[in-house]
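Could you have a look at this structure, given as structure tokens, before my questions?
The values are calculated or read from the model by the stated rules, or taken from the named source; none is laboratory data. What you are looking at is a predicted structure, and each value in this text was computed from that prediction instead of being measured. Virtual Cβ from ideal backbone geometry, glycine too; neighbours counted across all protein chains shown. Ligands, DNA and RNA are stripped out before the accessible areas are found, and what is left, the full protein with its side chains, is counted by its heavy atoms. Shrake-Rupley method; radii C 1.70, N 1.55, O 1.52, S 1.80 Å.
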Amino acid sequence: MLRTDQSDWARPDWVAPEIPSVNLAPWLQPGDITLRKRALYEVVRKLKPKHVFNVNSRLAFEMFETYGARLSTFMNLYAYYFCADRDADGREVGYPVTHFAGLLKHLTSALIDTQQLADTLSSRYSLPDDMRAKLSVIYTPAMSDAPDEPVACAQTASADARAGPVILWAGRFDRQKRFALLIAVARAMPDVSFRCW
């Protein structure tokens, strides 16, 4: 695993300990973008992997744009796309917006985290069947085992014992997830319990 964009690593526990991780950020960050893309290209080219997976590396996306045609002749390229975000002005931003259309032709597969995003990208770019076939929806697994009984079933079974309905919400507290809106809704519905993860 090559870390290219920043040295801090928020979740090393998400990677198995036997997988080596090399932090290239201190060497790649000082140069201009042309030099940085070329340096990463040379590292990847010399390593000669069969498969290259880009997960949230802006530099790797930019390297794929410049060198993707060359790299794809001797290795499989994959890019993982998570949902697009919106900036403070409501404009759609993120890698599915900025680094998708120009890269898909070089990718073996575009890995997408939701069917909705795959459908949006397919429709937005009017993808023909051969390009649409490159979209692979991969749902990110939870970091814990699923309970024997789904939470929703347990909530339904215990409905008679509660004073009112319960709404379950799970997500990050990013602006994109609009948790402040959920709080406003919860305040407007005092008879409903909101359980948030």
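Quote to one decimal, in nm, the extra length available between Asn56 and Arg38 on full extension: 0.36 nm per residue of separation minus the C-alpha distance between them. Write out the running numbers ahead of the final one.
Values: separation 18, 0.36 × 18 = 6.48 nm, distance 1.84 nm.
Full extension of this stretch gives 4.6 nm more.
Ala133 to Gln6: extension gain in nm, 0.36 nm per residue of separation minus the Cα-Cα distance? Write out the running numbers ahead of the final one.
Numbers: separation 127, 0.36 × 127 = 45.72 nm, distance 3.26 nm.
Roughly 42.5 nm would be gained on extension.
Of [x] 16.3, 53; [y] 21.0, 65; [z] 26.8, 100, which is the value of Rg and Dmax of the Cα atoms in Å derived from the coordinates here?
Structure-derived value, by its label: [y].
Going by amide H atoms built from the backbone, whose H comes under 5 Å of the H on Val93, apart from near neighbours?
Here Asp85, Arg86, Asp87 satisfy the definition.
Give me the Kirkwood hydrodynamic radius of the stretch 67-156, using the inverse of the mean 1/r over all pairs of distinct Cα atoms, in Å to one decimal. Don't jump to the answer; show the numbers that get you there.
Working: mean 1/r = 0.0661 Å⁻¹.
One over the average 1/r among Cα pairs gives 15.1 Å for the stretch 67-156.
What nm distance separates the two modelled labels at Asp174 and Ala159, each placed 7 Å from Cα along Cα→Cβ?
3.3 nm
On the accessible surface of the chain, probed at 1.4 Å, how many percent belong to carbon and sulfur atoms?
Carbon-and-sulfur percentage of accessible area, whole number: 57.
Under the Kirkwood approximation applied to all pairs of distinct alpha-carbon atoms, what is the hydrodynamic radius of the stretch 22-112 in Å?
13.8 Å
Mind listing the Cα extents of the stretch 116-197 along all three principal axes, in Å, largest one first?
Largest first, the stretch 116-197 extends 53, 33, 21 Å along its Cα principal axes.
Sticking with this one: Taking the Cα centre as origin and putting +1 on Lys and Arg beta-carbons and -1 on Asp and Glu beta-carbons, what dipole magnitude results for the chain, to the nearest 20 debye?
680 debye
Residues with amide H under 5 Å of Gln29's amide H, sequence separation 5 or more or different chain, H placed in the peptide plane at 1.01 Å from N; which?
Sorted by chain and number, the residues that satisfy this come to none at all.
Continuing with this model, one more query. Semi-axes, largest first, in whole Å: what does sqrt of 5 times each Cα gyration tensor eigenvalue give for the stretch 1-44? Could you put the intermediate results ahead of the total?
Details: eigenvalues 101, 27, 8 Å².
Equivalent ellipsoid semi-axes, largest first: 23, 12, 6 Å.
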